[in-house]
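J.: Mind having a look at this structure? Questions to follow.
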């Protein structure tokens, strides 16, 4: 039952975070690229003020998989690094915490460009 | 109101507010991707990874799937329906990187793929990191003052 609730919350919260972005796309002039930048920065800020952690506790991947979760990882990484290394951590923590995602995205991207060619847009 | 009138009524309403339809699909696809992520998270923690590492590996897994679907040309078709539902999860970030890489191949691997792979990823990494550094400095000062 607990497991079922985990999945339900992940679905509902993850879905809601996407709906907010959809409304922003449809109702404002924000482009998808700006939404992504907005979301990652917002994730850092919400985590910094302590509002995002409860959402992660509740929804798990529902809060960490959206790009706000990327910001959550950055903020948490920075905090941990500052605790360990002082001011140096403010510089290193963010990239360190997101290294896996960034590295995976660009390396897989390169591999895909080696394997596949672009198709004419329909 | 008979059935035909009702159908027309519904269609008129639907055309007036595609935003409702868009939001519904964004909710279903976005929620679905997060639920899939939760499934991978359970799997990885079950296999003995600690939480932070499991989350990173969930991201990498979803990035790989989205990247492959982009290469196969399937991602765009899903994204047309899902809208923000595939954009906002980490899959959107991955798609932005891979589609740029594939589309700029003809411009060469250094200034084509190498540079333009960061067209969307660059701003996300820049502003995410920058906001993080500001937070780090504020947090450092706060720990100095309040211990």
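J.: Please report, in whole Å³, the volume per residue of the convex hull around the C-alpha atoms of the stretch B:7-88.
T.: Spread over its residues, the Cα hull of the stretch B:7-88 gives 99 Å³ apiece.
J.: Over all residues in B:107-120, what is the mean tally of Cβ atoms on other chains that come within 10 Å of each residue's Cβ? Walk me through the intermediate numbers first.
T.: Numbers: counts 0, 0, 3, 0, 0, 1, 5, 3, 0, 0, 5, 2, 1, 4.
Mean shielding count: 2.
J.: Sort all Cα-Cα distances of chain A into consecutive 10 angstrom bins from zero, then give the percent of pairs in each bin up to the one containing the longest distance.
T.: That works out to 13, 32, 33, 19, 3, 0, in percent per bin.
J.: Now, a different point. As an exercise, find the ratio Rg/Rh for the protein assembly as shown from alpha-carbon atoms, using the Kirkwood inverse-distance average for Rh.
T.: Rounded to two decimals, Rg over Rh is 1.02.
J.: Taking beta carbons within 10 Å but only from partner chains, what does the mean come to for residues A:83-90? Walk me through the intermediate numbers first.
T.: Values: counts 3, 0, 1, 4, 6, 2, 3, 10.
Other-chain Cβ atoms within 10 Å of each residue's Cβ, averaged: 4.
J.: Another one. Where does each of A:107, B:34 land when they are ranked from fewest to most other beta-carbon atoms within 10 angstrom?
T.: A:107, B:34
J.: Expressed as a fraction of 2.2 N^0.38 Å, the rule-of-thumb size for a compact globular protein of N residues, what is the C-alpha radius of gyration of the stretch B:8-147?
T.: 1.36
J.: A follow-up question, please. Would you mind telling me which residue in A:38, A:46, A:30 has the biggest mean-square fluctuation in a Gaussian network model of chain A, where springs connect alpha carbons within a distance under 10 angstrom?
T.: A:30
J.: How high is the relative contact order of the stretch B:19-116, in percent, with contacts defined as C-alpha pairs under 8 Å that are six or more residues apart?
T.: Result for the stretch B:19-116 is 31 percent.
J.: Next up: Other chains' Cβ within 10 Å of B:43-51 residues: what's the mean?
T.: 0
J.: Considering chain B as a Gaussian network with a 10 Å cut-off on Cα pairs, which listed residue, B:74, B:88, B:133, attains the greatest mean-square fluctuation?
T.: Fluctuation is largest for B:133.
J.: How compact is the stretch B:103-145 by the rule of thumb for globular proteins, expressed as Cα Rg over 2.2 N^0.38 Å?
T.: Normalised by 2.2 N^0.38 Å, the Cα Rg of the stretch B:103-145 equals 1.84.
J.: Would you mind giving the average projected area, over all directions, of the Cα convex hull of the stretch B:72-147 in nm² with one decimal?
T.: Value for the stretch B:72-147: 7.0 nm².
J.: Pick from A:82, A:20, A:40: which is most flexible by mean-square fluctuation in a GNM of chain A where alpha carbon atoms under 10 Å apart are linked?
T.: Of A:82, A:20, A:40, the Gaussian network model singles out A:20 as fluctuating most.
Rule-based calculations on the coordinates, nothing more; no lab input. Here the structure is a predicted model, which means the values were calculated and not measured. Every residue, glycine as well, gets a Cβ built from its backbone with ideal geometry; the counts of neighbours run over all protein chains shown.
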